[in-house]
Amino acid sequence: FICPFLYLDTTLSSILQGLGMAGRIFVSNVVCLLIRLLFVFFAIPVIGMQGYLWGILISQLVLAGIYFFCLYRFFRQNTVF
């Protein structure tokens, strides 16, 4: 379940990089790494390796959501109607 989101996040990150949003990519990655660290400290002692996998999955879902939100805002601001 993790792999599609890994590929999606890489693609979305590349698109945002091309649009000049490197700072937002950095902040988003830091937020998601903090989520993973929280799962390492709190979930692994309780449920083991499955806690780490849940941490990766949730952090990738959050990252995809942030990237989609950034793309949505970019295209909404730059659309001429």
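Residues in the range 1-29 that are part of a helix (DSSP H, G or I), of a type in the set (A, V, I, L, M) and more than 24 Å from Q77 (Cβ to Cβ): L6 alone.
Find the residue count for the range 30-55, including only residues that are in a helix (DSSP H, G or I) and without any contact (Cβ under 8 Å) to a residue 12 or more places away in the chain.
Here is the first cut: in the range 30-55, the residues in a helix (DSSP H, G or I) are 30-42, 44-47, 49-55.
Keeping just the survivors that are without any contact (Cβ under 8 Å) to a residue 12 or more places away in the chain gives 30, 34, 37, 41-42, 44-47, 49-50.
Number satisfying all stated conditions: 11.
If the condition is being over 14 Å from F68 (Cα atoms) and touching a Ser or Thr at 6+ places or on another chain (Cβ under 6 Å), then the range 2-40 contributes C32, I35, R36.
Values quoted throughout were computed directly from the atomic coordinates according to the rules given, and no laboratory measurement underlies them. Quantities reported herein were computed from a predicted structural model and do not represent experimental measurements. So basically every Cβ, Gly included, is an ideal-geometry build from the backbone, and we count neighbours across all protein chains shown.
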